[in-house]
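Worksheet for the structure shown next.
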Amino acid sequence: MKDSGFKIIVNGLLKENPIFVLTLGMCPALATTTSAINGMSMGLATLFVLFGSNIVVSMLKNIIPDKVRILAYVVVIATFESVVEMLIHAYFPSLYESLGIFIPLIVVNCMVLGRAEAFAATNSVFKSALDGLGMGLGFTFALTLLGVARELLGTGKAFGYVVFPDQYGALIFVLAPGAFIVLGYIIVVMNRFKKIRRL
Amino acid sequence: MKKLSSSFLNMVSVLSGITIIAAVTLTYVYMQTKDQINHSQEVKQLEAIRTVLPPFDHLDLKPLDMNDGVETMKVYKAYDRKNNFVGAAVESSSNNGYKGHIDIMVGFDKQGIIYNYTVLEQNETPGLGSKMIDWFKTKKGNQNILGKNPATANLSVTKTGGEVDAITAATISSKAFLFAIRNAYFAFTSNIESSIQLTETNADSTQQDVKEPINNNVEMKGNN
């Protein structure tokens, strides 16, 4: 890979956005985006784990024997996840409550393991760090967008600020079906955008 | 640097090495955050108590724990500066919510009138059952429960003959919530007498005697 650092970040943010293009890590993306702030915090927590685990996996890539590499990656990822969980619990207790079970589930987010296996295991530490950052930012961007759209359509608020009164909101957007609908439309728009740019 | 081969010794030593480092890191972070986690939980608890009670000066040091076999209630008694009983906050819960556990904190003044409540934990459907957070505080129809005394008012949903309007389309959540409120009241009444008496006779050393376990469990269970 002869990509420059900037390209790697943009790659994660737009061209290979984990949610809108790769559709990896759908479970937390759909479940935690009931509000903008939840989506964004989940994205940032995942960003931290992805960034850390990509760096460590890349550093260890030569000393991890092939046959146990997945095990080793999972241990690394789980360590970072536990650190994030304890930090959030200690310093952002209300956030900890609203994200609940989805923080521990970062461990099994296929996106994190996927980047460790597909990118960090074959690239330099610096590139892996950038990839983790790019992918993490892409994930955060996607989750924030989903969260804002759902919160706005469902309750008329954005980041907790009232845009229009509650009763005009469509409750379905806060519930699970709304997550799929919003995600579907965002992917449509993203694909359209990509087509236009290629022409 | 060449990749290590997958020999048994390599695999065991590398995996052990990684897990040991992980364990050390986690232990360190745990030690660093433990106090802060406890502290933030205490702050949250106190915050909840302050919102549900009239202004007070200090609390009993230790809450009274009560168990009716299914649910556990915690009673935090509050006193003003002269050690007069002003009311008690009761942490109460129900496992019969639409999505499981509901944990609430409800405050009673010294007559047993509901002063305020706050929902500590709930997983009810957003937009329906989760409205319980302010539904029962809103003065509209018969949905308000503040200012009512569970001894004289029948605090259950109108469907089952009570006098409180259930949340629209969330009767199960409403029932579970009101059950927790009633339960809290039983926990409150089963020790209110002792606390008032104590404050009158022995104003200086109130806190010592209140910790006695109270065995009204059977009665409380009967009322569920």
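Bear in mind these aren't lab numbers, they're just calculated from the coordinates by the rules spelled out. As the structure is a computational prediction, the values presented were derived from the model and not from experiment. Every residue, glycine as well, gets a Cβ built from its backbone with ideal geometry; the counts of neighbours run over all protein chains shown.
The table that follows gives values for the structure above.
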item: Global geometry of the stretch A:14-117, whether rounded, prolate or oblate, following the gyration tensor of its Cα atoms and the 1.5 cut on a/c; result: oblate
item: Tensor-based shape of the stretch B:36-97 (alpha-carbon gyration tensor, a/c under 1.5 rounded, otherwise prolate or oblate); result: oblate
item: Within 10 Å of each Cβ in B:124-134, the average number of Cβ atoms from other chains; result: 2
item: Where labels lie 7 Å past Cα in the beta-carbon direction, separation of B:LEU46 and B:LYS34 in nm; result: 2.2
item: Listed residue pairs exceeding 22 Å between alpha carbons, taken from B:LYS82/B:LYS110; A:LYS157/B:LYS140; B:LYS34/B:LYS131; B:LYS77/B:LYS148; result: A:LYS157/B:LYS140; B:LYS34/B:LYS131
item: Average beta carbon contacts from partner chains per residue of A:70-79, 10 Å cutoff; result: 3
item: Expected 222 nm ellipticity per residue - DSSP helices of 4 or more, -39500 (n - 2.57), all of chain A, to 500; result: -21000 deg cm²/dmol
item: Positive-end residue of B:MET73, B:VAL86, B:GLY141, charge dipole of the stretch B:64-161 with Cβ unit charges; result: B:GLY141
item: Alpha-carbon Rg/Rh ratio, for the stretch B:65-115, with Rh computed the Kirkwood way; result: 1.09
item: The stretch B:32-108 versus the stretch A:81-143: alpha-carbon centroid distance in Å; result: 35
item: Principal-axis tilt of helix A:125-155 within chain A, Cα atoms, nearest 10 degrees; result: 10
item: Folded to 0 to 90 degrees: helix A:176-198 orientation relative to chain A principal axis, Cα; result: 70
item: Reachable lysines from A:LYS7, criterion Cα separation under 17 angstrom, eight or more residues apart if same chain; result: A:LYS15, A:LYS127, A:LYS194
item: Taking the C-alpha atoms of the stretch A:81-199, convex hull volume expressed per residue in Å³; result: 157
item: Relative pair counts by distance (%), Cα atoms of the protein assembly as shown, 20 Å bins; result: 22, 43, 28, 7, 0
item: Sequence ranges A:128-134, B:100-106, ranked by mean other-Cβ count within 10 angstrom, highest first; result: A:128-134, B:100-106
item: Three-way shape label, the stretch B:1-117, alpha-carbon gyration tensor, a/c 1.5; result: prolate
item: Inter-chain Cβ neighbour average for residues A:83-94, partner chain, 10 Å; result: 5
item: Pairs of Cα atoms farther than 29 Å apart, chain A, %; result: 26
item: Loop trypsin sites (Lys or Arg not before Pro), the stretch B:63-116, which have at most 10 other Cβ atoms in a 10 Å radius of their Cβ (DSSP); result: B:ARG81, B:LYS82
